[in-house]
Amino acid sequence: REKNEKYKTWIPRFLMAKEEKDQRKSSDDVERNFFKVKKSSSEKSKKMEKEEKFFRETFMYDKEINVISTATAECSVPSKRRVDLPVTAGEQLDVIDVTEGSAVICRNSEGRYGYVLVEHLNFR
């Protein structure tokens, strides 16, 4: 061993210079992580666009989609019709629009839209 190497002191990573940190990482690792994030977010946005298109066609909704408030589902309710949104207890929902009856149009975390009765929701 050389003398310099023998008496080399230990330095934590956060105190090391940026160039030394960058040399350790290979370009392959950085590229892989970058593409994974992009791929999942692009797939999610495509699914959201598809759900929104289906919602607009089914409900004949031509207004801009704005979240009025957020609500939590008090109980689990399966959907009986295609336009109803199935909810599970404790699920967070975005209220999009209020209808004339006792139902509101909601969106869940997956991007699906549908009617939910006000009785099943808890507004904070």
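The values are calculated or read from the model by the stated rules, or taken from the named source; none is laboratory data. Bear in mind the structure is a predicted one, so any value in this text is a computation, not a measurement. Virtual Cβ from ideal backbone geometry, glycine too; neighbours counted across all protein chains shown. For the accessible areas, the whole protein counts, side chains as well, though only heavy atoms, and no ligand, DNA or RNA atoms are used. Shrake-Rupley method; radii C 1.70, N 1.55, O 1.52, S 1.80 Å.
Compute the Cα gyration tensor for the range 72-123, then decide on rounded, prolate or oblate, letting a ≥ b ≥ c be the square roots of its eigenvalues: rounded whenever a/c is under 1.5, prolate when a/b is larger than b/c in the other cases, and oblate in all that remain.
rounded
If you roll a 1.4 angstrom probe over the protein chains with everything in place, what fraction of the accessible area of the range 72-123 belongs to carbon and sulfur, to the nearest %?
49 percent
Quickly rank 67-74, 79-86, 91-98 as a protection proxy: mean count of other C-beta atoms within 10 Å, highest first.
Per-residue mean Cβ counts within 10 Å order the peptides as 91-98, 67-74, 79-86.
Per residue, how large is the accessible surface of the range 72-123? Use a 1.4 angstrom probe and give square angstrom.
Per residue, the range 72-123 has 55 Å² of solvent-accessible surface.
Give, as ranges by residue number, the residues of the range 104-119 whose backbone N falls under 20 Å from the point 7 Å along Cα→Cβ of Lys47.
It comes to 106-115, nothing else.
What is the distance, in nm, between label points placed 7 Å from the Cα along the Cα-to-Cβ direction at Lys63 and at Glu119?
Result: 2.5 nm between the two label points.
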